[in-house]
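Reading through the structure tokens given below for one structure.
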Amino acid sequence: MEPTTFVLFGATGDLAKRKIYPALYLLFVDQKLPKSFSLIGLGRRELSDETFQANVEQSLSTFSKSEGRDPEVMRNFLRAFRYHVLDVNRKEDYTKLLQLVEQREDELNILPNRMFYLSVGPELFETIAANIHESGLGSANGWKRLVIEKPFGHDLPSARQLNIQLNQAFDETEIYRIDHYLGKPMVQQMGQRLHSALSEQDLGTRNIANIQITASETLGVEERAGYYDHAGAIRDMFQNHMLQLLMMLAIELPNRSSVVEVGNLKKKVMKTLKPLHKMDVSHHIVRGQYGEGEINGGKVAGYTAEPGIALDSLNDTFIAARLKVDDPFWKDIPIYIRTGKRLKEKLTRIVIEFKSESPLQDHLIVEIGPNDGISFQRSNSGKEGSDVDKPVQSKLSAIKAGIPEAYEILIHDALKGDKTYFAHWDEVELSWEWVQPILDAYRENLLPLHIYPAGTYGPNESDKLLEQDGFHWFDFK
Ligand code: BG6
């Protein structure tokens, strides 16, 4: 792997502590970081290199899943870390940053390959990218890459605008948009696992009745009112993670896809998704918000009683959708997607329901998290203690030693320059295009907001969406 300077904006922030440092540490221990690697952490607070390194070590002991950190290994890891104070709006700070980056490149005698990781609020993306460009930080003789987190825009026009701005400083080939669902091991292995469990004939359109994609969470809005109350489930989960899951599944049916084509195939899926018209949104989309209820035996407040949320907020914490793909294979297979906060359980799962006349058992379950695995199950719709057949493949535990986590996989890919499992602009734009009529309908209040009790599977209207077509959500009740 080529020598790299990792320039981290937001180095004292939450994401860096919880995800980025633990991922880098695991990569270091597994010898997957470049041999010559230097990290420059940026933040507004004045910190010495020593204090920064001690803070990183502290966050590893709080958040890293790796056991038994060897002090010698830790010292070697932290040796690469430097800190630089930076106000993202001050041009002089970037000039000084450039000096430090060049000084480190000289010390290590490495090529100026620079990875700029923006672990900061999306409102700062444009400013930072422009300042990287103007300061000359991005015009060295090596490669440059920009890594950003979602949300990528707030709607279709703002996403396009942001992309134009970023493209003034970075080419599309240099932009790595993280969608951490694409880094989940089961999402990456889905094609291989599906095709080893089933033949292409089994996965043929003759056998499939419908597809159900669920990401349910027990957590509520937590301390994120400022962000979440403007985003809602549709921007926080649906436009990105849920549509990415759909794309990743669809590119594997009925044939196995080739890794080199992932980006193009995903774009094709989004292009064949039947567009929704604003006036039809209420027939295909269910919008919900959690009310008070019980989760794991404890009482929890309703959304509008959460700190920082207005009593009359109409924000969505749940969305269920019926989608159709307009191509010969998919035309008769409805796809249902739902995601929400304060639901009964934490899980991400794809279910392929087979037709009753198919020779297969009724449901193929792809568990993406917190446990991962593929299994066949019979329907238990509503029946207590109904029979469940032996899984075809035994389930893997999610955080088994040796199975890397999403951030470790994605950071490693970005360091290698492999964009396969990042969100490409075309599919991001097409996702926003598909979602925009729903945003418009929400804004104009064209569909009701259903309040569901916390600790349930969401509003009853979400069940009705499937019942209209003669189906039920597959839930282990
Ligand atoms: C994030 C959302 O992208 O994904 C959060 O902003 C959500 O609101 C999280 O809780 C869910 O991720 P996971 O990996 O726990 O399913």
Tabulated pairs, the stretch 420-433, first farther than 17 Å from Pro157 by Cβ, second outside any helix (DSSP H, G or I), C-beta under 7 angstrom, 6+ apart or interchain: Phe422/Tyr176; Phe422/Arg177; Phe422/Ile178; Ala423/Arg177; Ala423/Asp179
Residues that are open to solvent by less than 20 Å² (accessible area, probe 1.4 Å) and under 15 Å from Gly232 (Cβ atoms), drawn from the stretch 432-458: Trp432, Val435, Ile438, Leu439, Ala441, Leu447, Tyr452, Gly458
Checklist (1) more than 12 Å from the ligand (Cβ to nearest atom); (2) at pLDDT 95 or above; (3) not charged (D, E, K, R) applied to Gly204, failing item: (2)
Any pair with Cβ under 6 angstrom, 6 or more apart, that starts in the stretch 207-222 at a residue that is within 12 Å of Thr317 (Cα to Cα) and ends at one that is assigned to a strand (DSSP E or B) and of a type in the set (A, V, I, L, M): Ser216/Leu343; Ser216/Leu347; Thr218/Ile295
Close pairs (8 angstrom Cβ cut-off, 6 or more residues apart or separate chains): touching a residue at least 60 places away in the same chain (Cβ under 8 Å) in the stretch 91-103, in a helix (DSSP H, G or I) anywhere: Leu97/Ser135
Residue in the stretch 403-410 that is surrounded by fewer than 16 Cβ atoms within 10 Å (Cβ to Cβ), aliphatic (A, V, I, L, M), in contact (Cβ under 8 Å) with a residue 60 or more places away in the chain and over 16 Å from Arg322 (Cβ atoms) present: yes
Among the candidates Thr348, Thr317, residue that is over 22 Å from Lys464 (Cβ atoms), within 16 Å of the ligand (Cβ to nearest atom), crowded, with 21+ Cβ neighbours inside 10 Å and among the hydroxyl-bearing types (Ser, Thr, Tyr): Thr348
Some residue of the stretch 39-48 being open to solvent by less than 40 Å² (accessible area, probe 1.4 Å) and part of a helix (DSSP H, G or I): no
Test: residue in the stretch 150-173 that is β-branched (Val, Ile, Thr), touching a residue at least 40 places away in the same chain (Cβ under 8 Å) and within 11 Å of the ligand (Cβ to nearest atom): no
Single residue of the stretch 209-268 satisfying the filter (within 11 Å of the ligand (Cβ to nearest atom) and among the acidic types (Asp, Glu)) that is most open to solvent (accessible area, probe 1.4 Å): Glu222
Residues that are assigned to a helix (DSSP H, G or I), in contact (Cβ under 8 Å) with a residue 60 or more places away in the chain and surrounded by fewer than 23 Cβ atoms within 10 Å (Cβ to Cβ), drawn from the stretch 7-22: Leu15, Lys19, Pro22
Filtered residue count, the stretch 288-327, keeping only those that are touching a Pro at 6+ places or on another chain (Cβ under 7 Å) and among the basic types (Lys, Arg): 2
In the stretch 113-128, residue nearest to the chain's Cα centre (by Cα) [restricted to those that are open to solvent by less than 20 Å² (accessible area, probe 1.4 Å) and more than 16 Å from Gly43 (Cα to Cα)]: Met115
Filter result (assigned to a strand (DSSP E or B) and hydroxyl-bearing (Ser, Thr, Tyr)) within the stretch 62-99: Tyr83
Filter pass, Arg206 being of a type in the set (Lys, Arg) and surrounded by fewer than 19 Cβ atoms within 10 Å (Cβ to Cβ): yes
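The values are calculated or read from the model by the stated rules, or taken from the named source; none is laboratory data. This structure is a prediction, so every number in the text was calculated from the model and none was measured. Cβ sites come from the backbone with ideal geometry, for glycine too, and all protein chains shown count toward neighbours. Only protein heavy atoms, including side chains, enter the accessible area calculation; ligands, DNA and RNA are left aside. Shrake-Rupley method; radii C 1.70, N 1.55, O 1.52, S 1.80 Å.
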